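Below is one structure, written out as structure tokens; the observations come after it.
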Amino acid sequence: MSITPRVFSGMQPTGALHLGNYLGAMLQWIAMQKTHECIYCVVDMHAITVWQDPKELVDATRRVTAAYIACGLDPKRSILFNQSQVAEHAELAWVFNCVARLGWLDRMTQFKEKAGKDKERASVGLYAYPSLMAADILVYRATHVPVGEDQKQHLELARDIAQKFNNDFKENIVAAGFADGIFFPQPEPVITGPATRVMSLRDGTKKMSKSDPSDLSRINLTDDAETIARKIQKAKTDTEPLPSEEAGLKGRPEAENLVGIYAALTGESPGAVLRQYGGGQFSGFKKALAEVAVTKVGPIGAEMRRLSSDPVEIDRILADGSARARAIAAPVMHKVKDIVGFIRS
């Protein structure tokens with residue numbers, strides 16, 4: 001069983017996907033379809049690490065799937081599925097729970113941030129989230145993982161788990177036909193894209209987030225043209241004109257964010273944007289940015305609404321993707337069971 005170059009990534013079906021998801025991840029996912037074997041997942045099992053209304057979770061899973069496709073992911077070229085339909089994710093996560101060390105999980109900063117001061121009331125799932133994330137990746141023996149900076153620590157843990165599994169079971173891995181003693185690859189992070197950190201429209205020092213209580217802080221992929229234009233017009237700025245060079249953006253996070261969004265949407269460099277709009281007031285630049293955003297994001301929202309009107313078709317796509325995912329994951333899990341020493345039929 002040789003290691004095939006393979007991409008895995010996923011998003012949770014919680015909240016509405018927004019411009020930051022599109023520019024920071026989706027555009028990269030779409031491009032990688034042309035060069036890699038790609039598996040993209042709606043990680044509904046991760047979603048329930050905090051309470052989710054069951055009916056809303058069903059709707060949200062379909063909505064994120066619609067967003068994937070509307071943004072340009074091709075369910076025929078890539079594998080699109082929801083995590084809970086492939087049981088091997090949970091099976092491998094348990095094995096990894098027994099490989100990972102408590103000290104490793106204790107260092108995960110995202111648990112501390114999400115659990116807050118009352119971590120004793122947090123779910124065990126939230127604490128063990130990184131083991132499941134490692135299983136998501138390694139059950140397909142994925143070699144590349146597009147991730148944001150906030151998930152990079154979890155990917156590093158996945159690499160540690162892969163290495164420890166290979167070391168702990170090296171003799172059995174060799175006996176299983178892997179002469180080099182390596183069963184799981186160490187997946188590489190891919191942190192690139194036109195805008196890896198799109199910031200809030202209300203605070204340029206904070207990342208654009210679907211959990212922000214203010215809807216004005218983000219442009220949702222479902223927003224209509226009027227809403228997109230209104231949010232950009234209301235976006236926080238400072239009192240100075242736009243600079244003519246990138247160096248002039250230093251210390252001006254809101255200006256830097258809006259210029260970065262314009263550049264990412266148009267494929268231009270920030271420098272080129274400033275050469276065109278530098279010296280002018282924000283009012284004119286915001287109008288131009290709104291026009292670009294409406295042109296780029298508007299069709300995505302329209303296509304999402306069209307796709308969401310046919311939940312049966314979305315469920316069919318997810319079922320097909322799940323079957324294709326299981327065809328890869330099941331043989332890997334069979335090998336894991338043999339290596340670990342489980343009897344299987």
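The values are calculated or read from the model by the stated rules, or taken from the named source; none is laboratory data. Keep in mind the model is a prediction, meaning the values are calculated, not measured. Protein only, heavy atoms only, side chains kept; ligands, DNA and RNA dropped before computing areas. Shrake-Rupley method; radii C 1.70, N 1.55, O 1.52, S 1.80 Å.
Taking amide hydrogens as placed 1.01 Å from N in the peptide plane, the amide H of residue 280 sits under 5 Å from those of 242, each at least 5 positions away in sequence or on another chain. Counted residue by residue at 0.36 nm each, then reduced by the alpha carbon distance between them, the extension gain from residue 119 to residue 163 reaches 12.9 nm. Straight-distance candidates among the lysines for linking to residue 337, with alpha-carbon spacing under 23 Å and chain neighbours fewer than 8 residues away dropped: 164, 170. Say we join alpha carbon atoms closer than 10 Å with springs in a Gaussian network model of the chain; which of 236, 55, 170 then has the biggest fluctuation? Highest fluctuation of the listed residues: 55.
Excluding same-chain neighbours fewer than eight residues apart, the aspartates and glutamates reachable from residue 152 by a Cα-Cα span under 16 Å are 106, 113, 136, 160, 188. With all protein chains in place and ligands, DNA and RNA left out, the 1.4 Å accessible area ranks 109, 61, 205 as 205, 109, 61, largest first.
For the chain, the fraction of 1.4 Å probe accessible surface lying on carbon and sulfur atoms is 53 percent.
Where both bridge residues fall in the chain, DSSP classifies roughly 10% of the beta bridges as antiparallel. Computed on the chain, with alpha-carbon pairs under 8 angstrom and 6+ residues apart, the relative contact order is 23 percent. The GNM of the chain, with springs linking C-alpha atoms under 10 angstrom apart, assigns the highest mean-square fluctuation among 176, 90, 325 to 176.
The relative contact order of the stretch 180-314 comes to 26 percent, based on Cα pairs under 8 Å that sit 6 or more residues apart. Mean-square fluctuations from a GNM of the chain, with a 10 angstrom spring cutoff on Cα atoms, peak among 130, 311, 187 at 311.
Across the stretch 213-221, computed HN-Hα scalar couplings (Karplus, 6.51 cos²θ - 1.76 cosθ + 1.60, θ = phi - 60°) run x, 8, 5, 6, 7, 9, 9, 6, 5 Hz from first to last residue, x flagging Gly and Pro.
Here are labelled values, (i) 182; (ii) 152; (iii) 160, and one is the computed volume of the Cα convex hull per residue in Å³ for what I pasted. Which one? Checking each listed value against the structure points to (ii). Mind pulling the angle between the C-alpha long axis of helix 311-340 and the longest principal axis of the chain? Nearest 10 degrees, somewhere in 0 to 90. Relative to the chain, helix 311-340 is tipped by roughly 40 degrees. Using the structure shown, list the pairs from 231/296; 55/112; 210/231 with a Cα-Cα distance above 19 Å, or answer none. Pairs exceeding 19 Å: 55/112.
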